[in-house]
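Quick notes on the structure that follows.
The values are calculated or read from the model by the stated rules, or taken from the named source; none is laboratory data. These figures come from a predicted structure and were not determined experimentally. FYI the Cβ positions are ideal-geometry reconstructions off the backbone, even for glycines, and counts take in every protein chain you see. Remember, those area values only see protein heavy atoms, side chains included, never the ligands or the DNA or RNA. Shrake-Rupley method; radii C 1.70, N 1.55, O 1.52, S 1.80 Å.
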Protein chains: 2
Amino acid sequence: MKIIRSIHALQKALDSQRRRNKQIGFVPTMGYFHDGHLSLMRKARKENDCVVVSIYVNPTQFGPKEDLKKYPRNRNRDVRLARAEKVDFLFCPSTKEMYPQGFGTYVTNEPIADILCGATRPGHFKGVATIVCKLFNIVGANVAYFGQKDYQQLCIIKQLIKDLNIRTRIKMCPIVREADGLAMSSRNTYLNADQRERAVVLSHALCVARTLIKSGERRPHVVINKMKRMLLFKVDRLDYIAVLNATDLSKVRSISGKMYIGIAAYIGKTRLIDNIVVQTK
Amino acid sequence: MKIIRSIHALQKALDSQRRRNKQIGFVPTMGYFHDGHLSLMRKARKENDCVVVSIYVNPTQFGPKEDLKKYPRNRNRDVRLARAEKVDFLFCPSTKEMYPQGFGTYVTNEPIADILCGATRPGHFKGVATIVCKLFNIVGANVAYFGQKDYQQLCIIKQLIKDLNIRTRIKMCPIVREADGLAMSSRNTYLNADQRERAVVLSHALCVARTLIKSGERRPHVVINKMKRMLLFKVDRLDYIAVLNATDLSKVRSISGKMYIGIAAYIGKTRLIDNIVVQTK
């Protein structure tokens with residue numbers, strides 16, 4: 001595995017792969033790998049000739065009061081784990097490389113960037129769309145792999161790709177969970193023992209929502225209220241519970257087709273998200 | 001010359017060129033060709049194996065009260081002219097192809113999109129940056145050719161390419177002028193005989209500014225006032241006269257280095273722009 005820090009060096013290496021007709025798979029990350037990240041690398045490894053993983057904690061997607069500085073990092077461990085997954089290129093650019101002085105171009109996604117996580121984190125998805133557009137242009141991958149955990153992000157990236165005619169295809173991979181159901185996240189490391197125990201309520205509430213829907217419930221407010229009662233007992237602050245059309249995150253009057261059920265909540269000061277996609281008949 | 005209307009068909013044709021290691025030159029236009037456009041095609045033809053010209057009157061760069069509907073079009077003449085320049089692919093997409101239903105991703109350039117033409121035409125450069133980003137991703141050219149006439153647009157495109165890591169290089173080509181000095185523009189067709197005669201004042205004012213600077217004048221306001229006196233006599237409304245740093249369009253206290261001198265003014269209802277770049281010692 002080659003560790004590459006400059007855009008130019010990465011492009012040179014990947015151009016050489018392309019000239020030999022190698023299919024390139026790409027996993028963009030913020031590092032501090034957990035099994036979720038590793039599952040994406042494994043899928044990319046299986047489906048491509050060449051696997052690129054990027055590690056970059058993108059400052060433009062963090063708000064001024066968010067956890068950019070204390071976001072967990074462990075480069076040595078990440079390198080070891082990526083190497084074990086037989087990644088070919090680990091791209092670790094500096095902020096000077098990604099946002100040089102005078103930087104001023106941003107990508108925005110108007111219809112769905114301001115709801116859910118975008119409502120609580122203004123500017124977050126503008127930062128995400130911009131860095132993803134940059135990374136896609138730098139890597140020029142055939143396929144990029146994302147986890148379902150950041151479902152809204154994935155919807156925005158899919159739209160960005162379609163709207164800006166980017167030629168990288170997207171694959172969404174399932175959420176990887178701890179044994180008790182908690183969705184894996186680098187931010188889980190912020191939780192103390194009591195918080196960790198309470199955090200499992202997000203996945204439990206989603207599980208109950210799925211059961212309700214599978215047993216025929218079609219009223220969004222009934223599903224939401226049931227989840228709310230479970231959550232308010234355990235979390236310190238509820239951000240949102242959403243039951244939306246899974247394709248475009250639009251509101252629905254009645255549950256039908258492919259539905260996204262999402263939660264964001266604070267346990268202590270840690271903001272956790274989780275979601276499921278439920279297909280009704 | 002192949003006339004292509006679908007993005008998919010164009011990409012297929014260009015992929016085949018790339019597989020054969022052909023260098024692709026690209027000239028994006030809004031059609032209604034004049035010698036300025038043709039000079040870009042000629043340069044692209046000379047420097048590349050394969051030349052792509054696009055014709056698309058991009059609605060997102062026109063304001064609600066601007067001339068989108070009456071912008072001059074003559075497809076048959078354009079086809080004839082492009083063929084004569086030995087263009088390989090003429091890309092003429094529909095708006096349904098470029099902005100399908102649900103479109104919602106835009107590219108913005110914050111530092112320089114709101115001054116000069118951006119101040120008079122709010123949202124104009126957001127539309128320009130978005131369509132250029134789309135066209136660059138669709139065509140994947142090695143080099144794209146733009147005229148100096150849209151100087152601010154060119155600065156924005158250069159920054160967009162740098163910021164979003166687009167791999168197409170940009171070449172700026174000189175303004176092509178009528179015999180009396182008027183910069184060629186598709187919008188010149190709007191002018192009646194009297195207006196056409198008065199329109200030459202833009203290039204005359206720039207010529208005088210150049211002479212002033214070449215003879216040692218270093219005070220921007222003196223150059224601007226001299227031009228203003230010439231223009232107010234002939235134009236119906238002055239939009240701006242600017243003397244700025246040519247690299248980043250920043251303000252200067254004193255004229256030095258590479259300077260951009262730009263004018264925008266209305267002759268009747270037609271808004272005309274022109275500029276020169278002057279290098280001081």
Sites B:Asn245 and A:Arg83 - FRET efficiency at Förster radius 56 Å, r taken between beta-carbons, to 0.05: 0.75
The range A:256-263 - phi-based ³J(HN,Hα) in whole Hz, Karplus 6.51/-1.76/1.60, Gly and Pro as x: 6, x, 8, 10, 9, 10, x, 9
Relative contact order, percent, the range A:1-130 [alpha-carbon distance under 8 Å, six or more residues apart]: 32
Drop in accessible area of at least 30 Å² in the complex versus isolated chain, residues of the range A:149-183, 1.4 Å probe: A:Lys162, A:Asp163, A:Leu164, A:Asn165, A:Arg167
Per-selection metrics, the range B:68-133 (Cα): Rg and Dmax in Å: 15.5, 40
Share of carbon and sulfur in the accessible heavy-atom surface of the range B:77-120 [1.4 Å probe, %]: 51
Accessible surface, the range B:1-138, averaged per residue in Å² (probe 1.4 Å): 46
Helix A:201-214 axis, angle to chain A major axis (alpha carbon atoms, nearest 10°): 70
Degrees between helix B:220-232 axis and first principal axis of chain B (Cα, 0 to 90, nearest 10): 80
Label geometry 7 Å along the beta-carbon vector: A:Val222 inter-copy distances in nm: 8.3
Inter-probe distance in nm under a simple model that places probes 7 Å from Cα toward Cβ, at A:Thr211 and B:Val252: 7.4
Spatial separation of Cα centroids for the range B:92-113 and the range A:127-154, in angstrom: 19
Shape call, the range A:2-173: gyration tensor on alpha carbons, a/c limit 1.5: rounded
FRET efficiency for A:Arg18 and A:Lys228, using Cβ-Cβ distance with R0 set to 35 Å, rounded to 0.05: 0.10
Cα-based reach from A:Lys226 at 17 Å (exclusive), listing aspartates and glutamates while leaving out same-chain residues under 8 positions away: A:Glu217, A:Asp239, A:Asp274
Helix B:35-47 axis, angle to chain B major axis (alpha carbon atoms, nearest 10°): 50
Global form of the range A:135-228, assessed from the alpha-carbon gyration tensor, a/c cut-off 1.5: oblate
Protection-proxy order for peptides B:89-98, A:132-141, each taking the mean of Cβ atoms within 10 Å per residue, highest first: A:132-141, B:89-98
Which listed pairs, of B:Lys22/B:Lys149; A:Lys269/B:Lys126; A:Lys65/B:Lys126; A:Lys228/A:Lys269; A:Lys134/B:Lys214, have C-alpha distances above 31 Å, in listed order: A:Lys269/B:Lys126; A:Lys134/B:Lys214
Accessible-area composition of the range B:186-274, carbon plus sulfur, in percent [1.4 Å probe]: 50
Sum of side-chain charges, B:Ile115 neighbourhood, beta-carbon under 13 Å (Lys, Arg +1; Asp, Glu -1): -2
Of all DSSP beta bridges in chain A, antiparallel share, percent nearest 5: 50
Solvent-accessible area buried by A and B, counting both chains, probe 1.4 angstrom, square angstrom: 2400
Shielded by partner chains, the range B:72-117 residues - at least 40 Å² of accessible area, 1.4 Å probe, vs chain alone: B:Gly104, B:Thr105, B:Tyr106, B:Thr108, B:Glu110
Residue-count net charge about A:Thr95 - beta-carbon cut-off 14 Å; Lys, Arg +1, Asp, Glu -1: +3
Copy-to-copy label separations for A:Gly63, where each label sits 7 Å from Cα toward Cβ, in nm and ascending: 3.4
Cβ-vector label at 7 Å, B:Arg5, separations to other copies in nm: 5.3
Shape of the range A:186-274, Cα gyration tensor, a/c cut at 1.5: prolate
Euclidean distance of C-alpha centroids, the range B:1-77 and the range B:235-281, integer Å: 28
Relative contact order computed over chain B (Cα-Cα under 8 Å; 6+ residues apart), in percent: 16
Amide H contacts under 5 Å for A:Arg177, placed H, 5+ residues apart: A:Met184
Charge tally in the Cβ shell below 10 Å around A:Val143, where Lys, Arg are +1 and Asp, Glu are -1, A:Val143 excluded: +2
Å² of accessible area per residue within the range B:186-274, as computed with a 1.4 Å probe and no ligands counted: 51
